[in-house]
Structure formats: structure tokens, C-alpha cells
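Trainee: Structure incoming, see below.
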Amino acid sequence: MCMATGFMILVTGSYNVESADGAALATNLAGVEAGPAYTQAAMDSVFTGAGAPFVAIAIALFAFTTLVAFYYICETSLTYLTRGTHRRLGWLLKGVLLAVTFFGAVQSADLIWAIGDVGYASLAWVNIICLLFLAKPALLALRDYDAQRKQGIDPTFDPVRLGIPHSECWARPSSAGRGTGDTSGDTAGNSVTSRE
């Protein structure tokens, strides 16, 4: 969506460019500040009068889908962290989401964009820290995948054999190893033998 919007603005020339000291380098839209007005002007240049409705509808849909996506991410993370045992925290999360939505609806756009910038920067740092913790199991899985490919077999992920803890969702049912002598399906490490 961001790339499409950027291309709309660039292709239609609906933008202004200023140097670091504020001097105008290109003035295609005199008196128009950077922001949604660029997108509105881009739409108006092709479909006269459609710019304002398009931007209003696009922002409403973008805001709604973003709220739904962020709520889903938060609820999923909360369920994982609490193992689904604290239902009251789910209601608290819903209350916080409603409060934040109301706050965003009544504040100035500049403040909300600034908060959003800080929020996205914080997400980036949290993700970088999480990636550092995930690097070891990811590299173990990658090396195992490459080794299996070199042996000419169809690679399968076996967290028990690799010693990756807390990966119950990836463990195969105990019947998966029957008849093959494969012990990877038993998360407790017990041998699964053939009953045929």
C-alpha cells in the first residue's frame, strides 16, 4: 500500500521537495504540506474530485485493518505468554485497545504520527532482540536442513533430535515414527517401535 501510494505521488508529480535548510528544490503543489494532501492531489490529477473521498476511505480502511491486525497480534502473544490461563488479561487488552483507539481519534494527527513513529521504532528494537534469542535454534534448523539435503533425503524438522526445547507444536504425533524406527514423534524422547 505504501509503495503504491508513493508511486501515485511520483508518477503524477504531486509533491514538493525542500532542501535541509528549507529552500524549495521543486514546487509542484504550491502551499501544500507533505502528507495525505499529496495523495489527494495525485488522485485529483487523474480523477477530478475523487482525491478527498479516496483518501478518507483509504485511511479509514487502513486504520481499521491495522487495529484488527495489531489486536490479533497482541491477543495471540498474550495467549502464548500466559498459556491461555488468564482470561481477565484478555478483557484488559480489549479495554486498552478501546482506550487507545478513542485517544487516537480525538488527538491531533501530528501527535498520533509521532507516537506511531516511536511505536514502530520500539517494535523494531524488540524484534531485533527476539531475533538474537532465535538465532541459535534457527541456525540449528538451517544446518540440519542443509545436511539432510546433501544426503539426498526430503528434509523434515525434528525439534527433539535437534535439542530445541518448548517446540511442542512442531513435534509429530507418536504414530508418525511407527514402522520406521523414528523416535522423533515422541516428545518425551521415548522410543517409538513398530507394532506391525
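The values are calculated or read from the model by the stated rules, or taken from the named source; none is laboratory data. Fair warning: this is a prediction, and the values are worked out from it, not measured in the lab. Note that each Cβ is placed from the backbone with ideal geometry, even for glycine, and that neighbours are counted across all protein chains shown. Please note that ligands, DNA and RNA were not included when accessible areas were found on the heavy atoms of the full protein model with its side chains. Shrake-Rupley method; radii C 1.70, N 1.55, O 1.52, S 1.80 Å.
Trainee: Restricting to the stretch 5-30, count the residues that are over 24 Å from residue 111 (Cβ atoms), within 33 Å of the chain's Cα centre (by Cα) and open to solvent by 90 Å² or more (accessible area, probe 1.4 Å).
Mentor: Number of matching residues: 4.
Trainee: Is it the case that the stretch 60-83 has a residue that's farther than 30 Å from residue 127 by Cβ, free of Cβ contacts under 8 Å to residues at least 60 places away in the same chain and open to solvent by less than 90 Å² (accessible area, probe 1.4 Å)?
Mentor: Looking through the stretch 60-83, none of the residues is farther than 30 Å from residue 127 by Cβ, free of Cβ contacts under 8 Å to residues at least 60 places away in the same chain and open to solvent by less than 90 Å² (accessible area, probe 1.4 Å).
Trainee: State all residues of the stretch 31-59 that are open to solvent by 60 Å² or more (accessible area, probe 1.4 Å) and in contact (Cβ under 8 Å) with a residue 12 or more places away in the chain; if no residue qualifies, say none.
Mentor: Scanning the stretch 31-59 gives 34, 36, 40, 45, 46, 54, 59.
Trainee: Let me ask another. For the stretch 85-122, give me each residue that is under 27 Å from residue 166 (Cβ atoms), within 23 Å of the chain's Cα centre (by Cα) and surrounded by 11 or more Cβ atoms within 10 Å (Cβ to Cβ).
Mentor: The answer is 89, 90, 92, 93.
Trainee: In addition: Looking only at the stretch 1-32, count every residue that is of a type in the set (Ser, Thr, Tyr) and within 28 Å of residue 61 (Cβ to Cβ) and tell me the total.
Mentor: Number satisfying all stated conditions: 4.
Trainee: Confirm whether residue 101 is touching a residue at least 12 places away in the same chain (Cβ under 8 Å) and among the polar types (S, T, N, Q).
Mentor: yes
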